[in-house]
Amino acid sequence: MFNKKTALTFLKVIVSILLISYIASKIDLEKALSNIEKANYYFLFLTIIFIFLERAQLTYKWNLLIRARGIEVSFWRLFIINAIGSFWGLFLPSSIGVDVAKSYYLIKNSSEKSVSISSVFVDRILGVLALLVLTTVSLLIGGDLLSKFNLKFFVFSFSIFFLVMLYIFQREDISFLLNKFLKNIRFKFVSDKVVKLHSSILEYKKHPKTLFVTFILTVLVNITRVLIFYFISLAYSIPIPIIYFFIFIPILTVVIMIPISIGGLGLGEGAFITFFALVGISINDSIIIALTNTLFNTILTLLGGSFILFERSAMKKAELKVNNYN
C-alpha cells in the first residue's frame, strides 16, 4: 500500500539518486582513474585500519553507557549489534536510522527497553556536543583561513541553540510538561512511554564520570574520523591542510543526519564537495576522497550484514533447544 511513509522513503531514494547522478556528471573520469592508479596503498590500508578503530571506539563508549545502567553485554556482542545497525542504516533515511536499528537489537539482548533506547539517545547527544566542541576549537585555531566565509557565526549560533535546548531537556520538570502536552493533543498512548524514556535519560545525571569519559571517547572518535579523510587525501597526493578536515568533517557529520536521503547517500558527498570548494579544492579531488571513504565504509558495513545471518542462526538454535527441552 502506497502510504505517506512509503512516499517519503521513495522521495529520499530519488534525492539520493539525483545527488549521486549530479556528482558523477562532474567527475573527470580519466583523471580519477589516474589518481587511483597512482594511489599510495599504505595510506589506503591505514584508512581501513582507522575505520575499524573508529568502530571499536564507538562500541567501547556505548558499552560504558549501558554498563552504567546495569546492563551487561560483552564488547564483541555490542560490536556485532553496531555492525548490524550500520548495515540497516544503509537502507534507512539519515544516520539516525542506525540508532533505531541499534536500539532494536540491544532491546532483544537486554529486554530493558527504556535503558537501551536512552543509552543510544545519550550517545547521540554526546556525539553532537563533541562535534560542536571539536569544530569550535578548530575554527578558533584556523578561523583566519575561512574568515571571508563567516562560518564562525553559523557554528557558534548552532552551538548556542543546541546548548540551550540541552539545558531545557535535562530539567526534571520537562517530563511533566511533555506528559501534559501529549495528553492535550490526544497522544496519551505515547505520553507514558515518552515520559519514561525522558526519565531514563535523566538517570545518566547520576553517572557524571561515565558521561565525562564517554564524551572524551566521542571526541577521539571524531578525531579518528577526521584522520580517515586526511589519510585518503594523502593516499591520492591531494594537498589539503589537515585543519580544513578538522573544521569541515564535524559539520559534515551533522549534515548527514538530515533525513532527506537514504543513509545520507549523496548528501554527504555533495556537502563534502561544497565545503572543500570554499578553500579551492577541485570537485574531482573532493569527490575521489568522499567516494573512497563511502566505498570503504559501505564494503565493511555490508560485511557487517553477514552478522544478521549468524543472529538468525543463533535464534533458531536457541528455539530448537527450548523445543527439545519441552
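Is the shape of region 213-280 best called rounded, prolate or oblate, per the rule: a/c under 1.5 gives rounded, else a/b larger than b/c gives prolate, else oblate, with a ≥ b ≥ c the square roots of the Cα gyration tensor eigenvalues? Cα axes put region 213-280 in the oblate bin. Using a probe of 1.4 Å, the accessible surface attributed to GLU112 totals some 90 Å² when neighbouring protein chains are kept in position. Accessible area per residue (1.4 Å probe, heavy atoms of protein chains only) ranks MET257, MET165 as MET165, MET257, with the largest value leading. With a 1.4 Å probe rolled over the protein heavy atoms of all chains, the accessible area of TRP76, TRP62, TRP88 falls in the order TRP76, TRP88, TRP62, largest first.
Summed over the residues of region 6-90 and divided among them, the accessible surface reaches 57 Å² per residue at a probe radius of 1.4 Å. Taking the charge dipole of region 33-88 about its Cα centre, with +1 at Lys and Arg Cβ atoms and -1 at Asp and Glu Cβ atoms, the residue from LEU65, PHE45, SER34 reaching farthest to the positive side is LEU65. Distances between placed amide hydrogens fall under 5 Å for TYR236 paired with ASN40, all partners being 5 or more residues away or on another chain.
Figure note: VAL194, VAL122, VAL219 ranked by solvent-accessible area, largest first, 1.4 Å probe, ligands and nucleic acids not counted: VAL194, VAL219, VAL122.
Computed with a 1.4 Å probe on the full set of protein chains, the accessible area for ARG67 sits at about 120 Å².
The values are calculated or read from the model by the stated rules, or taken from the named source; none is laboratory data. Predicted, not measured: the structure shown is a model, and the values here were computed from it. As a convention, Cβ positions derive from the backbone with ideal geometry for all residues, glycine included, and neighbour counts pool all protein chains shown. Just so you know, the surface numbers come from the protein's heavy atoms only, side chains and all, with ligands and any DNA or RNA stripped out. Shrake-Rupley method; radii C 1.70, N 1.55, O 1.52, S 1.80 Å.
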